[in-house]
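Contents: one structure, followed by commentary.
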Amino acid sequence: MSYFDDASLVMIPSGYKDQKVYSVKPIDGTGDLTFSRGSDIEATRVAANGYIEKAKVNLLLQSNSYTTTWLNQLGGTITGGQSGYDGTSDAWLLNKDTSTFRSVRQVISFSGVTTYSVYAKAGTLSNVALRIDSSAGSLQALYDLSAGTTSSIGGVYIDYGIESIGSGWYRIFVTANISGGSNVHIYVDRDGTTAGNIYLQDAQVNYGLVAQEYQETTTTSVITGITNDMPRLDYSGGASCPSLKLEGSRTNYYPHSEYFGAWTSSDATISSNSLTSPEGLENASLITTNTSNSIHYIQLIATTTNVVAISFFVKNIDANYIQIANPSDVRTYVNFDLLNGEVGTSGSLVSSEKIEPYGNDWYRISATFDNTGFANNYIRVYFAPSASAVFNPTYQPLSNLSYSIYGAQAEAGTYPTSYIPTYGTSATRLADAASDSTFTALPNANFTIFFEVNEWSGSDGNNYQVRFFDASGTRAIQFRNRPEGWRWLIVNDAGGSSYLNTPSYTFTKMACRYNGTNYQLFADGNAVGVPFAASDTGILDYFDSYPIGVMGIKQMLCFPTALSDSDLATLTSL
(Lines give C-alpha, C1' and ligand atoms only; values in the text may rest on other atoms or scores of the structure.)
Protein backbone atom coordinates (compact mmCIF):
# COMPACT_ATOMS: atom_id res chain seq x y z
CA MET A 1 0.00 0.00 0.00
CA SER A 2 1.06 3.60 -0.46
CA TYR A 3 1.24 5.23 2.95
CA PHE A 4 1.44 8.67 1.37
CA ASP A 5 -1.77 8.14 -0.62
CA ASP A 6 -3.66 6.78 2.40
CA ALA A 7 -2.45 9.38 4.89
CA SER A 8 -4.68 12.33 5.73
CA LEU A 9 -1.68 14.33 6.98
CA VAL A 10 1.98 14.16 5.96
CA MET A 11 4.30 16.44 7.89
CA ILE A 12 7.90 16.15 6.66
CA PRO A 13 9.52 19.43 7.73
CA SER A 14 10.83 21.22 4.66
CA GLY A 15 8.79 24.27 3.69
CA TYR A 16 8.64 27.01 6.31
CA LYS A 17 8.57 30.73 6.91
CA ASP A 18 8.15 33.04 9.89
CA GLN A 19 5.40 31.58 12.13
CA LYS A 20 4.60 28.67 9.78
CA VAL A 21 5.64 25.09 9.00
CA TYR A 22 3.91 23.71 5.92
CA SER A 23 2.54 20.17 5.65
CA VAL A 24 3.22 18.16 2.51
CA LYS A 25 -0.37 16.89 2.65
CA PRO A 26 -3.02 18.30 2.72
CA ILE A 27 -2.19 21.40 0.69
CA ASP A 28 -5.26 23.44 1.70
CA GLY A 29 -3.55 24.80 4.84
CA THR A 30 -5.48 22.68 7.36
CA GLY A 31 -2.35 20.65 8.14
CA ASP A 32 0.04 23.59 8.43
CA LEU A 33 1.49 24.35 11.85
CA THR A 34 1.55 27.83 13.36
CA PHE A 35 4.92 28.23 15.06
CA SER A 36 6.02 30.62 17.80
CA ARG A 37 8.91 31.11 20.18
CA GLY A 38 8.53 34.71 21.27
CA SER A 39 11.12 37.45 20.83
CA ASP A 40 14.71 36.27 21.21
CA ILE A 41 18.01 35.88 19.35
CA GLU A 42 19.21 32.96 21.47
CA ALA A 43 17.91 30.06 19.37
CA THR A 44 20.25 28.21 17.00
CA ARG A 45 20.03 25.26 14.64
CA VAL A 46 22.33 23.12 12.50
CA ALA A 47 21.75 24.29 8.92
CA ALA A 48 21.83 22.17 5.75
CA ASN A 49 25.53 22.99 5.29
CA GLY A 50 26.29 21.31 8.64
CA TYR A 51 27.20 24.52 10.48
CA ILE A 52 25.48 26.03 13.51
CA GLU A 53 23.29 28.95 12.43
CA LYS A 54 22.53 31.93 14.66
CA ALA A 55 20.41 35.03 14.31
CA LYS A 56 22.13 37.84 12.39
CA VAL A 57 22.14 41.34 13.87
CA ASN A 58 23.05 44.89 12.89
CA LEU A 59 22.68 47.29 15.81
CA LEU A 60 23.42 50.42 13.77
CA LEU A 61 20.72 52.64 12.28
CA GLN A 62 20.91 53.80 8.66
CA SER A 63 23.85 51.47 8.17
CA ASN A 64 24.55 52.73 4.65
CA SER A 65 23.07 56.21 4.71
CA TYR A 66 25.73 58.53 6.13
CA THR A 67 23.75 61.75 5.82
CA THR A 68 20.99 60.67 8.25
CA THR A 69 21.68 59.45 11.79
CA TRP A 70 25.44 59.72 11.25
CA LEU A 71 27.09 62.94 12.43
CA ASN A 72 29.47 64.61 9.97
CA GLN A 73 32.76 65.70 11.47
CA LEU A 74 34.69 65.57 8.21
CA GLY A 75 34.92 69.21 7.36
CA GLY A 76 34.09 68.15 3.82
CA THR A 77 31.44 66.35 1.80
CA ILE A 78 29.78 62.94 1.63
CA THR A 79 28.59 61.92 -1.81
CA GLY A 80 26.48 58.84 -2.52
CA GLY A 81 25.90 56.90 -5.73
CA GLN A 82 29.47 55.57 -5.99
CA SER A 83 30.44 52.14 -7.36
CA GLY A 84 30.41 49.65 -4.49
CA TYR A 85 32.16 46.41 -3.63
CA ASP A 86 28.99 44.43 -4.48
CA GLY A 87 28.44 45.78 -8.01
CA THR A 88 25.87 48.36 -6.90
CA SER A 89 26.07 52.15 -6.80
CA ASP A 90 25.55 52.19 -3.04
CA ALA A 91 29.02 53.31 -1.94
CA TRP A 92 29.87 56.78 -0.64
CA LEU A 93 32.81 59.10 -1.29
CA LEU A 94 34.02 60.74 1.93
CA ASN A 95 36.10 63.88 1.51
CA LYS A 96 38.07 65.60 4.28
CA ASP A 97 39.80 68.96 4.52
CA THR A 98 43.34 69.57 5.79
CA SER A 99 42.36 69.21 9.45
CA THR A 100 43.04 66.10 11.55
CA PHE A 101 40.49 63.84 13.28
CA ARG A 102 37.71 64.12 10.69
CA SER A 103 35.08 61.40 10.81
CA VAL A 104 31.51 60.32 10.56
CA ARG A 105 30.09 58.88 13.77
CA GLN A 106 26.89 57.46 15.15
CA VAL A 107 25.63 57.63 18.71
CA ILE A 108 24.68 54.08 19.70
CA SER A 109 24.05 52.21 22.94
CA PHE A 110 25.32 48.62 23.12
CA SER A 111 27.39 46.32 25.32
CA GLY A 112 28.99 42.89 25.39
CA VAL A 113 31.23 41.16 22.88
CA THR A 114 30.60 42.98 19.61
CA THR A 115 32.29 43.45 16.24
CA TYR A 116 32.27 46.78 14.40
CA SER A 117 32.93 46.54 10.66
CA VAL A 118 32.71 48.54 7.43
CA TYR A 119 33.67 48.10 3.77
CA ALA A 120 36.25 50.63 2.57
CA LYS A 121 38.43 51.44 -0.45
CA ALA A 122 41.24 53.93 -0.96
CA GLY A 123 40.50 57.10 -2.89
CA THR A 124 43.11 59.85 -2.99
CA LEU A 125 43.85 58.85 0.61
CA SER A 126 44.37 55.35 1.96
CA ASN A 127 44.38 55.54 5.75
CA VAL A 128 41.21 54.93 7.76
CA ALA A 129 40.50 54.28 11.44
CA LEU A 130 37.64 52.66 13.35
CA ARG A 131 36.93 53.86 16.87
CA ILE A 132 34.51 52.72 19.57
CA ASP A 133 33.73 54.89 22.60
CA SER A 134 32.44 53.29 25.79
CA SER A 135 32.14 53.91 29.51
CA ALA A 136 35.47 52.11 29.93
CA GLY A 137 37.26 54.39 27.46
CA SER A 138 37.93 54.36 23.73
CA LEU A 139 39.64 51.92 21.40
CA GLN A 140 40.62 52.40 17.78
CA ALA A 141 42.39 50.52 15.01
CA LEU A 142 44.21 51.95 11.97
CA TYR A 143 44.08 50.45 8.46
CA ASP A 144 46.03 51.06 5.24
CA LEU A 145 43.68 50.58 2.27
CA SER A 146 46.51 50.58 -0.26
CA ALA A 147 48.75 48.00 1.40
CA GLY A 148 45.87 46.03 2.96
CA THR A 149 47.47 46.13 6.39
CA THR A 150 46.71 47.26 9.92
CA SER A 151 49.23 49.45 11.69
CA SER A 152 48.32 50.12 15.31
CA ILE A 153 45.55 50.00 17.85
CA GLY A 154 44.77 51.71 21.13
CA GLY A 155 42.53 50.62 23.98
CA VAL A 156 41.39 47.18 25.16
CA TYR A 157 40.29 44.96 22.30
CA ILE A 158 39.88 41.28 21.41
CA ASP A 159 40.74 41.28 17.70
CA TYR A 160 41.00 43.50 14.65
CA GLY A 161 41.78 42.91 11.01
CA ILE A 162 41.42 43.70 7.33
CA GLU A 163 40.13 41.37 4.61
CA SER A 164 40.48 41.94 0.87
CA ILE A 165 37.30 41.28 -1.13
CA GLY A 166 38.62 42.36 -4.53
CA SER A 167 38.76 45.47 -6.76
CA GLY A 168 40.61 47.41 -4.06
CA TRP A 169 37.82 46.95 -1.50
CA TYR A 170 38.42 45.68 2.03
CA ARG A 171 36.25 44.79 4.97
CA ILE A 172 37.85 46.19 8.12
CA PHE A 173 36.76 45.29 11.64
CA VAL A 174 37.51 45.58 15.33
CA THR A 175 36.13 43.31 18.09
CA ALA A 176 35.90 44.17 21.78
CA ASN A 177 34.07 43.36 24.99
CA ILE A 178 32.24 46.66 25.30
CA SER A 179 30.89 48.13 28.52
CA GLY A 180 28.32 50.82 27.77
CA GLY A 181 29.11 51.60 24.14
CA SER A 182 28.11 55.16 23.17
CA ASN A 183 29.71 56.07 19.81
CA VAL A 184 31.25 54.47 16.75
CA HIS A 185 33.48 56.49 14.39
CA ILE A 186 34.99 56.14 10.92
CA TYR A 187 38.03 58.42 10.51
CA VAL A 188 39.58 59.43 7.20
CA ASP A 189 43.39 59.80 7.51
CA ARG A 190 42.92 60.43 11.21
CA ASP A 191 46.23 62.19 11.94
CA GLY A 192 46.93 63.53 8.45
CA THR A 193 46.65 67.11 7.20
CA THR A 194 46.23 66.32 3.52
CA ALA A 195 42.83 66.87 1.96
CA GLY A 196 41.42 63.84 0.16
CA ASN A 197 38.91 61.03 0.24
CA ILE A 198 38.10 57.34 0.66
CA TYR A 199 35.14 55.16 -0.37
CA LEU A 200 32.82 53.74 2.25
CA GLN A 201 29.92 51.27 2.31
CA ASP A 202 27.81 49.09 4.64
CA ALA A 203 28.73 49.61 8.30
CA GLN A 204 27.66 47.11 10.93
CA VAL A 205 27.80 46.41 14.66
CA ASN A 206 26.91 42.81 15.51
CA TYR A 207 27.25 40.57 18.54
CA GLY A 208 30.07 38.05 18.57
CA LEU A 209 33.77 37.65 17.84
CA VAL A 210 33.59 38.04 14.05
CA ALA A 211 31.85 40.26 11.52
CA GLN A 212 28.64 38.58 10.41
CA GLU A 213 27.11 38.70 6.95
CA TYR A 214 26.02 42.30 6.40
CA GLN A 215 22.42 43.24 7.28
CA GLU A 216 21.03 46.50 5.87
CA THR A 217 19.24 48.81 8.32
CA THR A 218 17.18 51.98 8.01
CA THR A 219 15.37 53.57 10.96
CA THR A 220 15.67 50.53 13.25
CA SER A 221 18.25 47.87 13.98
CA VAL A 222 17.79 44.54 12.22
CA ILE A 223 17.63 40.94 13.43
CA THR A 224 17.26 38.17 10.84
CA GLY A 225 17.63 34.41 10.62
CA ILE A 226 16.76 31.95 13.39
CA THR A 227 14.99 34.43 15.62
CA ASN A 228 11.60 35.17 17.16
CA ASP A 229 8.95 32.95 15.54
CA MET A 230 11.13 31.29 12.91
CA PRO A 231 10.82 27.46 13.01
CA ARG A 232 14.08 25.59 13.49
CA LEU A 233 14.46 22.97 10.78
CA ASP A 234 17.54 21.21 12.04
CA TYR A 235 20.07 19.06 10.13
CA SER A 236 22.05 17.72 13.10
CA GLY A 237 24.08 14.58 12.61
CA GLY A 238 24.59 15.18 8.89
CA ALA A 239 20.91 14.58 8.08
CA SER A 240 19.90 15.05 4.45
CA CYS A 241 16.33 15.87 5.53
CA PRO A 242 15.67 18.18 8.48
CA SER A 243 13.64 17.65 11.62
CA LEU A 244 11.49 20.23 13.37
CA LYS A 245 13.29 21.02 16.61
CA LEU A 246 10.99 21.55 19.61
CA GLU A 247 12.55 22.45 22.96
CA GLY A 248 11.50 23.93 26.24
CA SER A 249 12.90 27.22 27.51
CA ARG A 250 16.46 27.08 28.82
CA THR A 251 19.05 29.60 30.05
CA ASN A 252 22.77 29.50 29.36
CA TYR A 253 24.25 30.78 32.61
CA TYR A 254 27.74 31.19 31.21
CA PRO A 255 27.95 34.93 30.41
CA HIS A 256 30.64 34.25 27.79
CA SER A 257 29.98 31.20 25.65
CA GLU A 258 32.55 32.03 22.93
CA TYR A 259 34.91 34.65 24.32
CA PHE A 260 37.14 32.45 26.47
CA GLY A 261 39.45 35.39 27.03
CA ALA A 262 36.95 36.40 29.74
CA TRP A 263 37.48 33.04 31.51
CA THR A 264 39.95 32.44 34.31
CA SER A 265 42.96 30.39 33.24
CA SER A 266 45.67 28.64 35.21
CA ASP A 267 48.92 28.34 33.24
CA ALA A 268 46.99 28.09 30.00
CA THR A 269 47.08 30.51 27.08
CA ILE A 270 43.70 31.39 25.56
CA SER A 271 43.90 32.58 21.95
CA SER A 272 40.63 33.92 20.51
CA ASN A 273 39.60 33.55 16.85
CA SER A 274 42.24 30.91 16.17
CA LEU A 275 40.33 28.15 14.36
CA THR A 276 37.15 27.59 12.37
CA SER A 277 34.35 26.66 14.76
CA PRO A 278 31.23 24.50 14.26
CA GLU A 279 29.65 27.78 13.14
CA GLY A 280 31.92 27.76 10.07
CA LEU A 281 33.61 31.00 11.17
CA GLU A 282 37.03 31.65 12.64
CA ASN A 283 35.73 32.29 16.15
CA ALA A 284 36.93 29.22 18.07
CA SER A 285 39.57 29.63 20.78
CA LEU A 286 42.82 27.71 21.21
CA ILE A 287 43.72 26.55 24.73
CA THR A 288 47.43 25.76 25.19
CA THR A 289 49.45 24.83 28.27
CA ASN A 290 52.03 27.44 29.19
CA THR A 291 54.59 25.16 30.84
CA SER A 292 54.92 21.44 31.45
CA ASN A 293 55.34 21.66 35.23
CA SER A 294 52.11 23.21 36.37
CA ILE A 295 48.34 22.66 36.74
CA HIS A 296 46.38 23.76 33.69
CA TYR A 297 42.68 24.59 33.45
CA ILE A 298 40.14 27.17 32.34
CA GLN A 299 37.12 28.16 34.40
CA LEU A 300 34.12 30.50 34.37
CA ILE A 301 31.64 30.65 37.22
CA ALA A 302 28.01 30.20 36.20
CA THR A 303 25.36 31.07 38.78
CA THR A 304 22.81 28.30 38.39
CA THR A 305 21.12 25.52 40.33
CA ASN A 306 22.99 22.63 41.89
CA VAL A 307 22.07 20.16 39.15
CA VAL A 308 23.58 21.56 35.98
CA ALA A 309 24.17 20.26 32.46
CA ILE A 310 27.54 21.42 31.11
CA SER A 311 28.46 21.27 27.42
CA PHE A 312 31.25 22.46 25.12
CA PHE A 313 32.31 22.04 21.53
CA VAL A 314 35.91 20.82 21.45
CA LYS A 315 38.44 19.83 18.80
CA ASN A 316 41.62 17.97 19.54
CA ILE A 317 44.95 19.45 18.49
CA ASP A 318 47.35 17.32 20.53
CA ALA A 319 45.81 17.26 24.01
CA ASN A 320 44.00 13.93 23.28
CA TYR A 321 42.20 13.89 26.65
CA ILE A 322 40.43 16.48 28.77
CA GLN A 323 38.68 16.26 32.11
CA ILE A 324 35.72 18.35 33.30
CA ALA A 325 35.36 18.55 37.06
CA ASN A 326 34.16 20.48 40.08
CA PRO A 327 37.38 20.74 42.14
CA SER A 328 35.36 20.64 45.37
CA ASP A 329 34.82 16.87 45.25
CA VAL A 330 36.61 13.89 43.68
CA ARG A 331 33.22 12.42 42.68
CA THR A 332 32.48 15.21 40.21
CA TYR A 333 34.63 14.53 37.16
CA VAL A 334 34.31 13.07 33.69
CA ASN A 335 36.98 12.29 31.08
CA PHE A 336 36.64 12.67 27.33
CA ASP A 337 38.82 10.95 24.75
CA LEU A 338 39.16 13.51 21.95
CA LEU A 339 41.43 11.21 19.98
CA ASN A 340 38.80 8.48 19.52
CA GLY A 341 35.58 10.41 20.22
CA GLU A 342 34.68 8.44 23.35
CA VAL A 343 33.50 9.12 26.89
CA GLY A 344 35.95 7.97 29.54
CA THR A 345 35.49 7.27 33.23
CA SER A 346 33.49 9.55 35.52
CA GLY A 347 32.67 10.12 39.16
CA SER A 348 29.48 9.08 40.95
CA LEU A 349 28.03 12.63 40.99
CA VAL A 350 28.18 12.92 37.20
CA SER A 351 25.57 11.48 34.82
CA SER A 352 24.35 11.66 31.20
CA GLU A 353 27.88 11.85 29.78
CA LYS A 354 27.91 12.17 26.00
CA ILE A 355 30.23 12.98 23.10
CA GLU A 356 28.67 13.78 19.72
CA PRO A 357 30.48 14.42 16.41
CA TYR A 358 29.80 17.78 14.74
CA GLY A 359 31.95 17.47 11.62
CA ASN A 360 35.49 18.67 10.86
CA ASP A 361 36.81 16.75 13.90
CA TRP A 362 34.63 18.75 16.30
CA TYR A 363 32.71 17.10 19.13
CA ARG A 364 30.08 18.38 21.50
CA ILE A 365 30.83 16.97 24.93
CA SER A 366 28.30 17.16 27.75
CA ALA A 367 27.57 15.85 31.23
CA THR A 368 25.28 16.58 34.17
CA PHE A 369 26.86 17.51 37.50
CA ASP A 370 25.17 17.26 40.89
CA ASN A 371 26.80 20.04 42.90
CA THR A 372 24.32 19.87 45.78
CA GLY A 373 25.91 21.03 49.01
CA PHE A 374 29.11 22.34 47.46
CA ALA A 375 30.26 25.81 48.41
CA ASN A 376 32.07 26.14 45.07
CA ASN A 377 29.46 25.60 42.38
CA TYR A 378 31.71 25.83 39.33
CA ILE A 379 33.27 23.56 36.73
CA ARG A 380 36.83 23.52 35.40
CA VAL A 381 38.18 22.10 32.15
CA TYR A 382 41.51 20.34 32.80
CA PHE A 383 44.01 18.60 30.59
CA ALA A 384 44.02 14.87 31.41
CA PRO A 385 46.61 12.08 30.98
CA SER A 386 44.13 9.43 29.77
CA ALA A 387 40.46 8.58 29.29
CA SER A 388 40.45 6.55 32.51
CA ALA A 389 42.27 9.01 34.76
CA VAL A 390 40.79 9.56 38.21
CA PHE A 391 40.14 13.12 39.32
CA ASN A 392 43.57 14.68 39.75
CA PRO A 393 43.62 18.49 39.74
CA THR A 394 47.41 18.39 40.24
CA TYR A 395 48.13 16.61 36.94
CA GLN A 396 51.04 18.25 35.12
CA PRO A 397 51.50 17.47 31.39
CA LEU A 398 55.03 16.56 30.31
CA SER A 399 54.87 18.80 27.27
CA ASN A 400 52.88 21.70 25.88
CA LEU A 401 49.43 20.56 24.71
CA SER A 402 46.45 22.27 23.12
CA TYR A 403 42.83 21.88 22.02
CA SER A 404 40.23 24.16 20.47
CA ILE A 405 36.99 25.11 22.20
CA TYR A 406 33.74 26.89 21.32
CA GLY A 407 30.18 27.24 22.59
CA ALA A 408 30.25 26.75 26.37
CA GLN A 409 26.89 26.16 28.03
CA ALA A 410 25.69 25.70 31.62
CA GLU A 411 21.99 24.87 32.03
CA ALA A 412 19.82 24.11 35.02
CA GLY A 413 18.61 20.61 34.26
CA THR A 414 19.58 17.00 33.76
CA TYR A 415 20.39 17.13 30.04
CA PRO A 416 21.82 19.65 27.54
CA THR A 417 19.77 21.42 24.90
CA SER A 418 20.75 23.17 21.67
CA TYR A 419 23.44 25.83 21.80
CA ILE A 420 22.49 29.24 23.29
CA PRO A 421 25.14 31.91 22.49
CA THR A 422 26.00 34.55 25.09
CA TYR A 423 28.04 37.73 24.70
CA GLY A 424 28.55 39.11 28.21
CA THR A 425 25.44 38.12 30.16
CA SER A 426 23.42 34.94 30.57
CA ALA A 427 20.78 34.40 27.89
CA THR A 428 17.45 32.57 27.70
CA ARG A 429 16.01 30.77 24.70
CA LEU A 430 12.22 30.69 24.88
CA ALA A 431 10.19 27.53 24.29
CA ASP A 432 9.30 26.42 20.78
CA ALA A 433 5.58 25.96 20.21
CA ALA A 434 3.58 24.63 17.26
CA SER A 435 -0.20 24.39 16.88
CA ASP A 436 -2.99 23.81 14.38
CA SER A 437 -6.54 24.92 15.22
CA THR A 438 -7.88 23.84 11.80
CA PHE A 439 -6.73 20.25 12.12
CA THR A 440 -8.82 17.79 10.07
CA ALA A 441 -6.48 14.83 9.68
CA LEU A 442 -8.26 12.59 12.24
CA PRO A 443 -11.97 12.99 11.43
CA ASN A 444 -13.03 9.39 12.19
CA ALA A 445 -13.32 7.14 15.22
CA ASN A 446 -10.63 4.89 13.72
CA PHE A 447 -7.19 6.36 13.08
CA THR A 448 -3.42 5.96 13.32
CA ILE A 449 -0.82 8.53 14.39
CA PHE A 450 2.82 7.97 13.38
CA PHE A 451 5.95 9.78 14.56
CA GLU A 452 9.58 9.47 13.54
CA VAL A 453 11.97 11.34 15.80
CA ASN A 454 15.73 11.70 15.48
CA GLU A 455 16.50 13.71 18.59
CA TRP A 456 15.27 13.46 22.14
CA SER A 457 16.17 14.07 25.75
CA GLY A 458 14.36 13.36 28.98
CA SER A 459 11.96 15.95 30.32
CA ASP A 460 12.45 17.79 33.61
CA GLY A 461 8.65 18.00 33.96
CA ASN A 462 5.58 15.93 33.20
CA ASN A 463 4.16 18.05 30.40
CA TYR A 464 3.47 16.76 26.93
CA GLN A 465 5.67 17.41 23.94
CA VAL A 466 2.80 17.30 21.44
CA ARG A 467 -0.89 16.41 21.74
CA PHE A 468 -4.01 15.81 19.69
CA PHE A 469 -7.27 16.78 21.40
CA ASP A 470 -10.92 17.63 20.81
CA ALA A 471 -12.78 20.93 21.20
CA SER A 472 -14.09 20.00 24.64
CA GLY A 473 -10.60 19.34 25.92
CA THR A 474 -11.71 15.95 27.27
CA ARG A 475 -10.42 13.45 24.74
CA ALA A 476 -6.70 13.68 24.03
CA ILE A 477 -3.59 11.81 22.99
CA GLN A 478 -0.42 13.27 24.48
CA PHE A 479 3.06 12.36 23.34
CA ARG A 480 5.47 12.83 26.24
CA ASN A 481 9.13 12.24 26.89
CA ARG A 482 10.11 11.39 30.43
CA PRO A 483 13.51 10.62 31.95
CA GLU A 484 12.66 6.91 31.75
CA GLY A 485 11.46 6.91 28.12
CA TRP A 486 8.65 7.85 25.73
CA ARG A 487 5.12 7.90 27.14
CA TRP A 488 1.79 8.21 25.30
CA LEU A 489 -1.06 9.39 27.55
CA ILE A 490 -4.51 8.41 26.28
CA VAL A 491 -7.52 10.26 27.71
CA ASN A 492 -10.87 8.88 26.53
CA ASP A 493 -14.30 10.51 26.12
CA ALA A 494 -15.24 9.65 29.67
CA GLY A 495 -12.13 11.25 31.13
CA GLY A 496 -10.45 7.93 31.91
CA SER A 497 -6.76 7.70 31.07
CA SER A 498 -3.94 5.26 30.58
CA TYR A 499 -0.26 5.43 29.69
CA LEU A 500 1.18 3.49 26.78
CA ASN A 501 4.88 3.35 27.57
CA THR A 502 8.06 2.58 25.72
CA PRO A 503 10.78 1.31 28.05
CA SER A 504 13.49 3.70 26.81
CA TYR A 505 14.48 6.31 24.24
CA THR A 506 15.90 3.72 21.86
CA PHE A 507 12.74 3.92 19.76
CA THR A 508 12.72 6.35 16.85
CA LYS A 509 9.57 5.29 14.95
CA MET A 510 6.33 5.04 16.90
CA ALA A 511 2.63 4.73 16.01
CA CYS A 512 -0.54 4.88 18.08
CA ARG A 513 -3.58 3.09 16.60
CA TYR A 514 -7.23 3.34 17.65
CA ASN A 515 -9.57 0.77 16.07
CA GLY A 516 -12.82 1.73 17.81
CA THR A 517 -12.19 -0.77 20.59
CA ASN A 518 -8.73 -0.10 21.98
CA TYR A 519 -5.54 1.88 21.61
CA GLN A 520 -2.29 0.10 20.78
CA LEU A 521 1.25 1.41 20.59
CA PHE A 522 3.82 0.17 18.06
CA ALA A 523 7.53 1.07 18.14
CA ASP A 524 10.33 0.08 15.79
CA GLY A 525 8.40 -2.75 14.18
CA ASN A 526 6.66 -4.31 17.19
CA ALA A 527 3.60 -3.87 19.40
CA VAL A 528 4.61 -2.35 22.73
CA GLY A 529 2.74 -2.57 26.04
CA VAL A 530 -0.84 -3.54 26.84
CA PRO A 531 -3.75 -2.12 24.76
CA PHE A 532 -6.04 0.43 26.40
CA ALA A 533 -9.72 -0.41 25.89
CA ALA A 534 -12.05 2.50 25.10
CA SER A 535 -15.14 3.32 23.01
CA ASP A 536 -14.51 6.89 21.86
CA THR A 537 -16.29 9.02 19.28
CA GLY A 538 -14.95 12.53 19.95
CA ILE A 539 -13.08 14.07 17.04
CA LEU A 540 -9.43 14.99 17.58
CA ASP A 541 -9.48 18.28 15.69
CA TYR A 542 -6.74 20.27 17.43
CA PHE A 543 -2.97 19.89 17.56
CA ASP A 544 -0.41 21.72 19.69
CA SER A 545 2.95 21.35 21.40
CA TYR A 546 4.25 22.32 24.80
CA PRO A 547 7.89 21.22 24.82
CA ILE A 548 9.70 20.74 28.10
CA GLY A 549 12.39 18.37 26.90
CA VAL A 550 14.04 18.11 23.49
CA MET A 551 12.34 16.59 20.46
CA GLY A 552 13.16 16.56 16.77
CA ILE A 553 10.21 15.57 14.56
CA LYS A 554 11.50 14.06 11.34
CA GLN A 555 8.08 12.87 10.14
CA MET A 556 4.50 12.95 11.38
CA LEU A 557 1.79 11.02 9.52
CA CYS A 558 -1.89 10.72 10.36
CA PHE A 559 -4.27 8.15 8.86
CA PRO A 560 -8.09 8.30 9.08
CA THR A 561 -8.10 4.50 9.43
CA ALA A 562 -6.76 1.92 11.88
CA LEU A 563 -3.79 0.34 10.14
CA SER A 564 -3.26 -3.38 10.48
CA ASP A 565 -0.59 -4.98 12.62
CA SER A 566 1.46 -5.85 9.55
CA ASP A 567 1.20 -2.30 8.18
CA LEU A 568 2.26 -0.85 11.52
CA ALA A 569 5.16 -3.27 11.74
CA THR A 570 6.28 -2.14 8.29
CA LEU A 571 5.68 1.57 8.96
CA THR A 572 7.60 1.61 12.23
CA SER A 573 10.44 -0.70 11.22
CA LEU A 574 13.88 0.84 11.09
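Scanning the stretch 79-101 for residues that are among the charged types (D, E, K, R) and over 14 Å from Asp189 (Cα atoms) returns Asp86, Asp90. Filtering Thr428, Thr422, Thr417, Thr440 for residues that are within 30 Å of Ser472 (Cα to Cα) and of a type outside the set (Gly, Ala, Ser) leaves a single hit, Thr440.
Tell me, which residue of the stretch 442-475 that is hydrophobic (A, V, I, L, M, F, W, C) and over 33 Å from the mean Cα position of the chain (by Cα) is modelled with the highest pLDDT? Applying the filter and picking the extreme gives Phe447. For Thr124, indicate whether it is over 37 Å from the mean Cα position of the chain (by Cα) and free of Cβ contacts under 8 Å to residues at least 40 places away in the same chain. Judged against the criteria, Thr124 is not a match.
Going through (1) modelled with pLDDT of 95 or more; (2) over 19 Å from Pro278 (Cβ atoms); (3) surrounded by fewer than 16 Cβ atoms within 10 Å (Cβ to Cβ) one by one, Ile198 falls short only on (3).
A search for C-beta distances below 7 Å between a residue of the stretch 353-365 that is over 16 Å from Tyr403 (Cβ atoms) and any residue that is small (Gly, Ala, Ser) and assigned to a strand (DSSP E or B), counting only pairs 6+ apart in sequence or on different chains, returns Glu353/Ser346; Glu353/Ala367; Lys354/Ser366.
Evaluated against (1) small (Gly, Ala, Ser); (2) surrounded by fewer than 18 Cβ atoms within 10 Å (Cβ to Cβ); (3) in contact with a Ser or Thr (Cβ under 7 Å, 6 or more places away or on another chain), Gly341 falls short on exactly one condition, (3).
Taking the stretch 487-574 and the strands (runs of 3 or more DSSP E) fully enclosed by it, the elements with 2 or more residues that are touching a residue at least 60 places away in the same chain (Cβ under 8 Å) are at 509-514, 542-545, 550-559. Tell me, yes or no, whether the stretch 69-82 has at least one residue that is of a type in the set (Gly, Ala, Ser) and under 30 Å from Glu42 (Cβ atoms). The answer is no; no qualifying residue exists.
When restricted to residues that are more than 27 Å from Asp318 (Cα to Cα), assigned to a strand (DSSP E or B) and not small (Gly, Ala, Ser), the stretch 393-430 contains 4. Annotation: Gly112 fulfils all but one of (1) farther than 18 Å from Ala211 by Cα; (2) of a type outside the set (Phe, Trp, Tyr); (3) touching a residue at least 12 places away in the same chain (Cβ under 8 Å); the unmet one is (1). Within the stretch 9-66, the set of residues being of a type in the set (Phe, Trp, Tyr), crowded, with 20+ Cβ neighbours inside 10 Å and farther than 30 Å from Ser103 by Cβ comprises Phe35 only. Against the conditions (1) among the β-branched types (Val, Ile, Thr); (2) over 30 Å from Ser23 (Cβ atoms); (3) not assigned by TED's automatic domain parsing to the domain that holds Ile287, Thr440 satisfies every one except (2).
If only residues of the stretch 474-497 that are touching an Asp or Glu at 6+ places or on another chain (Cβ under 7 Å) and of a type outside the set (S, T, N, Q) are counted, the one that is surrounded by the fewest Cβ atoms within 10 Å (Cβ to Cβ) is Asp493.
The values are calculated or read from the model by the stated rules, or taken from the named source; none is laboratory data. Fair warning: this is a prediction, and the values are worked out from it, not measured in the lab. No Cβ is skipped: glycine too gets one built from the backbone with ideal geometry, and neighbour counts run over all protein chains shown.
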